[in-house]
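> Input: one structure, supplied below.
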Amino acid sequence: MTTSIGRSGVPAAKPSAGSRRGRRSHLEVPKSMVGQRLDQYLRAQLPEHSRAFLQKLIADGQVRVNGKRAKARYRVRAGDSITVEIPPPQPMEARAESIPLDVLCEDDDLIVINKPAGMVVHPAAGNREHTLVNALLHHCRGKLAGIGGVERPGIVHRLDKGTSGCIVVAKTDLAHQGLMQQFKSRDVAKIYRAVCWGKFAKPAGRIETLIGRSAHNRQKMSARVRRGRAARTDYRVLRYVGGPRSVEAAEERTRRSASLQDVSLVELTLHTGRTHQIRVHMAHVGHPIVGDQIYGQRKSEIARPLLHAYKLGFTHPRTGERLEFEAPVPADMERYARDH
């Protein structure tokens with residue numbers, strides 16, 4: 001049974017104190033991942049931790065390969081036995097800030113937020129204040145899962161700064177572990193909406209590529225790589241903006257002209273969660289997101305990528321109930337789709 005929830009809550013669950021001790025992870029390398037760098041392999045297996053955090057664990061000797069210390073650049077081999085010692089979370093360093101939040105749902109275990117565009121999810125270099133974590137520390141009075149560490153308490157997934165929409169945060173360690181497992185096993189439904197340049201040749205389709213670090217710009221990701229991680233995105237054109245209102249009526253015109261002067265409102269379903277996946281895939285097929293200054297092919301007066309996390313669905317880690325949340329498309333996207 002699926003429960004569809006907008007701004008109403010779910011039945012409250014009993015609070016869990018959670019563990020504040022360190023933990024140990026035992027991993028064994030499958031044949032499919034042979035040859036990856038140790039830090040990259042660990043990032044794939046322990047996605048709740050940043051690569052920088054895992055590299056520090058490796059440097060500090062908290063990661064052992066077949067019982068011995070190893071370097072981050074070590075290439076893992078089939079059958080390698082890897083032990084990772086995760087230290088206990090430190091006291092919160094991020095400062096609580098009274099920042100209004102658009103709460104879609106909250107109980108003792110988790111909270112679902114409609115994140116505004118322009119808000120960074122967690123503190124990092126250059127963004128130590130005014131983040132979602134700062135706001136949540138105030139709203140939840142510090143009751144967030146400690147597994148994410150001092151700068152990412154409760155964080156189980158991220159949205160880019162410029163992306164708006166649904167994001168779930170864990171308030172207990174039980175919820176954090178349960179949600180992370182669902183993201184890892186791809187049991188979380190993630191549906192986005194975007195305004196993209198141009199008119200698609202087909203009203204719906206699937207994009208499957210590898211995504212990895214760009215060889216030309218290490219700050220960017222790319223779908224034109226020999227080695228990377230498999231990524232899959234399904235798209236469906238909702239309407240063409242500034243032209244025929246139905247997909248069918250526009251198909252013939254689309255075949256004649258693929259001008260980037262027109263835009264399309266597109267719904268996208270993520271089946272994987274690679275860095276910048278939707279932005280990379282839309283640029284890869286020739287329809288970059290309007291306002292995307294990194295992957296876009298032209299300048300725009302829009303200050304952020306018009307990308308919105310429209311729906312989020314998952315199973316509640318404590319109750320087992322399937323939940324679905326929907327965040328209204330923000331005003332800037334609606335205006336552009338209407339007035340362009």
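> What are the residues in the stretch 39-55 that are surrounded by fewer than 14 Cβ atoms within 10 Å (Cβ to Cβ) and either without any contact (Cβ under 8 Å) to a residue 12 or more places away in the chain or over 19 Å from the mean Cα position of the chain (by Cα) (or both), if any?
Selection gives A52 alone.
> Considering only residues that are part of a loop (DSSP other than H, G, I, E, B) and in contact with a Leu (Cβ under 6 Å, 6 or more places away or on another chain), which ones fall in the stretch 287-315?
V290, G291
> Of all residues in the stretch 253-270, how many are among the hydroxyl-bearing types (S, T, Y), modelled with pLDDT under 95 and assigned to a strand (DSSP E or B)?
Final tally of qualifying residues: 1.
> Here's something else I'd like to know. What about A194, is it over 30 Å from E321 (Cα atoms) and in contact (Cβ under 8 Å) with a residue 40 or more places away in the chain?
No: the conditions fail for A194.
> Being hydrophobic (A, V, I, L, M, F, W, C) and surrounded by fewer than 22 Cβ atoms within 10 Å (Cβ to Cβ) is the filter here; which residues of the stretch 148-179 pass it?
Within the stretch 148-179, V150, L159, L174 qualify.
> Can we say A204 is in the same structural domain as R274 (by TED's automatic domain parsing), modelled with pLDDT of 95 or more, surrounded by 24 or more Cβ atoms within 10 Å (Cβ to Cβ) and not charged (D, E, K, R)?
When the stated conditions are applied, A204 does not pass them.
> Same structure again: For the stretch 180-201, name all the residues that are among the hydrophobic types (A, V, I, L, M, F, W, C) and either under 21 Å from the mean Cα position of the chain (by Cα) or crowded, with 20+ Cβ neighbours inside 10 Å (or both). Spell out how you get there, then give the answer.
If we filter the stretch 180-201 for residues that are among the hydrophobic types (A, V, I, L, M, F, W, C), which is where we start, we get 180, 183, 188-189, 191, 194-197, 200-201.
Scanning the stretch 180-201 gives M180, F183, V188, A189, I191, A194, V195, C196, W197, F200.
> Where in the stretch 27-110 are there strands (runs of 3 or more DSSP E), lying wholly inside it, with at least 3 residues that are farther than 30 Å from P328 by Cα and out of contact with any Gly (no Cβ under 9 Å at 6 or more places or on another chain)?
Counting at least 3 such residues, we get 63-65.
> Can you tell me which residue in the stretch 111-123 is nearest to P328 (Cα to Cα), limited to those that are hydrophobic (A, V, I, L, M, F, W, C) and part of a loop (DSSP other than H, G, I, E, B)? It would help to see each step written out before you state the result.
Here is the first cut: in the stretch 111-123, the residues hydrophobic (A, V, I, L, M, F, W, C) are 111-113, 117, 119-121.
Remaining after also requiring part of a loop (DSSP other than H, G, I, E, B): 117, 119-121.
On the way: A117: 13, M119: 17, V120: 19, V121: 19 Å.
In this case the residue turns out to be A117.
> Looking only at the stretch 288-320, filter to residues that are of a type in the set (G, A, S) and surrounded by 17 or more Cβ atoms within 10 Å (Cβ to Cβ); which one of those is modelled with the lowest pLDDT?
Across the stretch 288-320, the extreme among qualifying residues is S300.
> Answer yes if at least one residue in the stretch 169-189 is at pLDDT below 90 and either β-branched (V, I, T) or assigned to a strand (DSSP E or B) (or both), and no otherwise.
No; the residues of the stretch 169-189 include none that is at pLDDT below 90 and either β-branched (V, I, T) or assigned to a strand (DSSP E or B) (or both).
> Here is a follow-up. Filter the stretch 65-91 for residues that are modelled with pLDDT of 90 or more and hydrophobic (A, V, I, L, M, F, W, C) and give the result.
V65, A70, A72, V76, A78, I82, V84
> Any idea which of V112, V121 is touching a Phe, Trp or Tyr at 6+ places or on another chain (Cβ under 8 Å), under 25 Å from S185 (Cβ atoms), modelled with pLDDT of 90 or more and surrounded by 13 or more Cβ atoms within 10 Å (Cβ to Cβ)?
Values: V121 fails: touching a Phe, Trp or Tyr at 6+ places or on another chain (Cβ under 8 Å).
Of V112, V121, the one residue that is touching a Phe, Trp or Tyr at 6+ places or on another chain (Cβ under 8 Å), under 25 Å from S185 (Cβ atoms), modelled with pLDDT of 90 or more and surrounded by 13 or more Cβ atoms within 10 Å (Cβ to Cβ) is V112.
> Follow-up question, since we're still on this one. Pick from the stretch 19-56 the residues that are within 18 Å of P153 (Cα to Cα) and hydrophobic (A, V, I, L, M, F, W, C): which of them is modelled with the highest pLDDT?
L54
The values are calculated or read from the model by the stated rules, or taken from the named source; none is laboratory data. Keep in mind that this is a model prediction, so the values were computed, not measured. Ideal geometry is used to build each Cβ from the backbone, glycine not excepted, and the neighbour counts take in all protein chains shown.
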